[in-house]
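In what follows, a single structure is set out as structure tokens and then discussed.
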Amino acid sequence: MISISKPMIGKEEIKAVIDVLQSGSLVQGKNVKLFEREFAEYIGTAHAAAVSSGTAALHIALECLGIRPGDEVITTPFTFIATANAVLYQKAKPVFADIKPDTYNINPDEIKKKITDKTKAVIAVHLYGNPCDMEHIAEICREKGIALVEDCAQAAGAEYKGKKVGGFGDMAVFSFYATKNMSTGEGGMIAADKKELVERAKVMINQGQSKEYEHVELGYNYRMTEIQAAIGMIQLKNLDSWNRMRIENANFLTENLKGISGIGTPIAKPEAKHVFHQYTIKVLNGKRGRVMEHLKNKRIDSRVYYPKPVYLQPFYLRKGFRPGLCPVAEKISEQVLSLPVHPGLTQENLNRIVSEVKNAL
């Protein structure tokens, strides 16, 4: 089976884990602090806080930015559900702005339409590793005086106009889940230039403690472990080379799939460095199921990310959301299909993927 993802775990990561276990210091040690510093340096922000997951990072970022009950936060409906759920954790309201049909990222013009006097933040998701139009989105947020959070869960190492994503907003969040371009198994990171935001984040993720047994506010147990941080530092060293391999694999797939009737290949704008967490094609004319079944029979994994906009999930329907809210996202969700693109693919694997996609149509 050619898998849709493959965690890149080698001897260095295994040794790093053993070293932590032998040290006897499993939490709140030197590795977490070092990983925070190295990650901030890598993406170009002044500060970072390591957390237990990307979802935890989203939750804490919104708390630190002062999102409160009744506030509105604009985001994309075409993303993993955690993005919108984090807004609900704050008892705020997620407001969904439709996406662009080429990149599948949130459309800045749709953001403008959704801003009200209750809007307090925008969460821009760099979907599949493809950067949003950050210049336009950041300008809107500055003009309206609203906070900007970058959801970089799928985009570690991606760039917009030569600058790594994560440095355009007030705060940025990353995920190091097992399938991401770099992984700590579970885990995440919060990044920002403002020291006070990250200092508060570090209090919030550690049970609200400003110092040991001094709890200054209601906090959470969102800490990253020493084992995760040790793995993360090794992964970070390899991230750029793995991203280059993803881009090379994606370029091969696009070169060999573009122009095929019924297939739309991914779009990467000239100003954006797309790091292809997912290589996602559009399958037109209602043939996606047929293509997936054919690939499955040929032992090639494929997935739909995402089969419906967030607001059409049962939980959100119970909260009063209805079809028709974001027609572009609804249409795209019926067409997208992700193919393997990870660094573990061989040339033979890539040739098979291209050949069988063609045979499926």
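In this structure, is Glu186 crowded, with 17+ Cβ neighbours inside 10 Å and in contact (Cβ under 8 Å) with a residue 12 or more places away in the chain?
Answer is yes for this residue.
Collect the residues in segment 244-285 that are small (Gly, Ala, Ser) and without any contact (Cβ under 8 Å) to a residue 40 or more places away in the chain, keeping them in residue-number order.
Gly259
Picking from Thr116, Thr55, Thr75, which residue would you name as being among the hydroxyl-bearing types (Ser, Thr, Tyr) and either open to solvent by less than 30 Å² (accessible area, probe 1.4 Å) or at pLDDT below 95 (or both)?
Just a single option satisfies the conditions, and that option is Thr75.
Could we say that Lys258 is open to solvent by 50 Å² or more (accessible area, probe 1.4 Å), within 22 Å of the chain's Cα centre (by Cα) and at pLDDT below 95 here?
no
Select from segment 120-131 the residues that are farther than 30 Å from Arg244 by Cβ and either open to solvent by 20 Å² or more (accessible area, probe 1.4 Å) or part of a helix (DSSP H, G or I) (or both) and list them in ascending order.
Hit for segment 120-131 is Lys120, nothing else.
Taking segment 94-119 only, how many residues are at negative phi and under 21 Å from the mean Cα position of the chain (by Cα)?
16
Take Glu348 and decide whether it is part of a helix (DSSP H, G or I) and under 27 Å from Lys114 (Cα atoms).
It is false that Glu348 is part of a helix (DSSP H, G or I) and under 27 Å from Lys114 (Cα atoms).
Answer with yes or no whether Ala268 is surrounded by 15 or more Cβ atoms within 10 Å (Cβ to Cβ) and modelled with pLDDT under 95.
Judged against the criteria, Ala268 is a match.
Condition check ((1) surrounded by fewer than 17 Cβ atoms within 10 Å (Cβ to Cβ); (2) of a type outside the set (Asp, Glu)) across all residues:
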residue: Val283; (1), (2): no, yes
residue: Asn297; (1), (2): yes, yes
residue: Asp301; (1), (2): yes, no
residue: Tyr306; (1), (2): no, yes
residue: Leu312; (1), (2): no, yes
residue: Lys331; (1), (2): yes, yes
residue: Gln347; (1), (2): yes, yes
residue: Glu356; (1), (2): no, no
residue: Asn359; (1), (2): yes, yes
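Just name the residue that is nearest to Gly129 (Cα to Cα) out of those in segment 164-175 that are assigned to a loop (DSSP other than H, G, I, E, B) and not aliphatic (A, V, I, L, M).
Gly166
Conditions (1) among the small types (Gly, Ala, Ser); (2) under 15 Å from Glu186 (Cα atoms), marked per residue:
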residue	(1), (2)
Ile2	no, no
Ile9	no, yes
Glu13	no, yes
Ile18	no, no
Ser25	yes, no
Lys30	no, no
Lys33	no, no
Glu36	no, no
Tyr42	no, no
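Considering only residues of segment 205-220 that are touching a helix residue (DSSP H, G or I) at 6+ places or on another chain (Cβ under 9 Å) and within 30 Å of Ile9 (Cβ to Cβ), which is surrounded by the fewest Cβ atoms within 10 Å (Cβ to Cβ)?
Filtering first and then ranking leaves Tyr220.
Out of all the residues in segment 231-243, is one or more closer than 28 Å to Gln90 by Cβ and in a loop (DSSP other than H, G, I, E, B)?
Within segment 231-243, none of the residues are closer than 28 Å to Gln90 by Cβ and in a loop (DSSP other than H, G, I, E, B).
Can you spot a residue in segment 155-163 that is of a type in the set (A, V, I, L, M) and assigned to a strand (DSSP E or B)?
No, segment 155-163 contains no residue that is of a type in the set (A, V, I, L, M) and assigned to a strand (DSSP E or B).
The values are calculated or read from the model by the stated rules, or taken from the named source; none is laboratory data. A quick note: this is a predicted structure, and the numbers were derived from the prediction, not measured. Quick reminder, even Gly has a Cβ in these numbers, built from the backbone with ideal geometry, and neighbours come from all protein chains shown. What goes into the accessible areas is simple: the full protein's heavy atoms, side chains included, and nothing from ligands, DNA or RNA. Shrake-Rupley method; radii C 1.70, N 1.55, O 1.52, S 1.80 Å.
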